[in-house]
Amino acid sequence: MSTAVDNMKKAAAVWAVSCLKDGMVVGLGSRSTATFAVAEIGRRVKSGLQVVGVSTSVKTSEQARSLGIPLATLAEYPEIDITIDGADEVELQTLDLIKGGGGNQLREKMIAIVSKRLLIVVDESKLTDRLGGRAKLPVEVVQFGWQSTAVRLSSLGLEPALRLESEGVAFVTDGGNYILDCAFGTAKRPVELQTQLDGTVGVVEHGLFIGLASEVVVGYPEGVKTMERHSLEFITRP
């Protein structure tokens with residue numbers, strides 16, 4: 001990851017964290033962009049901010065604890081005030097997302113659907129006119145019979161490939177499942193695909209986040225811009 005891209009992500013994450021207020025329950029996302037956000041939350045907690053975090057991954061929980069961020073469970077807080085997370089692709093006309101590059105899409109979606117406000121933090125390279133143009137769609141599947149599940153996904157017009165670790169062994173999610181990364185291009189309608197995946201036996205969850213993002217915070221070389229679902233117009237932020 002280039003320093004320039006990291007700087008854009010960090011600037012967007014810092015702006016998103018500026019939205020937090022005392023007493024909030026905060027969903028903590030996963031992977032690189034969320035790491036910047038969690039670090040900034042930790043800095044603000046040390047300065048007196050009083051929030052409680054609900055984490056979407058084991059790694060995020062470890063980072064949060066190391067920074068002194070109080071953590072709770074989804075059972076303790078079934079409704080979340082605001083969640084800050086990243087995305088692999090953001091469709092400009094809808095703010096629909098592809099997520100799950102880090103393999104945490106199940107927990108991320110469980111947090112997202114109970115969040116009053118979902119802030120998605122990205123750099124400009126993640127913006128697209130149509131979902132599926134660049135990022136593959138992660139589909140989390142149970143280990144048992146995953147090959148049969150892959151065949152069913154192929155019948156939907158997808159091209160599934162088992163996600164592997166660098167050592168060549170299958171990647172296993174925090175929930176103990178496999179990931180099938182699926183190419184589908186821009187020809188298939190995401191809403192239709194979501195319905196098909198939701199009805200596929202063996203599929204635990206997938207990385208299509210349709211209608212969930214409240215606002216997208218985008219880092220550019222020249223600064224930060226945001227786009228809200230109700231307006232779909234970029235606003236330059238200080």
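In the chain, taking the dipole from charged Cβ atoms about the Cα centre, the farthest positive-side position among Gln147, Gly100, Pro70 is held by Pro70.
For Ser30, the residues whose amide H sits under 5 Å from its own are Gly86, ignoring neighbours fewer than 5 places away on the same chain, with H placed 1.01 Å from N. Anyone know which of Glu228, Glu167, Glu192 comes out most mobile in the 10 Å Cα GNM of the chain? It is Glu167. Using just its DSSP H runs of length 4 or more, each adding -39500 (n - 2.57), the chain gives a mean residue ellipticity at 222 nm of -8500 deg cm²/dmol after division by all residues. Remark: C-alpha extents of the range 137-204 on the principal axes read 34, 22, 20 Å, sorted largest to smallest. A Gaussian network model of the chain, with springs between Cα atoms under 10 Å, assigns the largest mean-square fluctuation among Gly199, Gly223, Gly185 to Gly199. Taking a ≥ b ≥ c as the square roots of the eigenvalues of the Cα gyration tensor, the range 67-149 is classed as oblate, since a/c reaches at least 1.5 and a/b does not exceed b/c.
Result for the chain in a Gaussian network model with C-alpha springs under 10 Å: among Leu180, Leu119, Leu164, the largest mean-square fluctuation is at Leu164. For His206, the residues whose modelled amide H falls within less than 5 Å of its own, excluding neighbours fewer than 5 places apart on the same chain, are Glu140. The distance separating the Cα centre of the range 88-112 from that of the range 39-76 comes to 21 Å.
Laboratory data are not the source of any read-out in this text; all were calculated from the coordinates shown. Here the structure is a predicted model, which means the values were calculated and not measured. Positions of Cβ are backbone-derived with ideal geometry, glycine not excepted, and every protein chain shown enters the neighbour counts.
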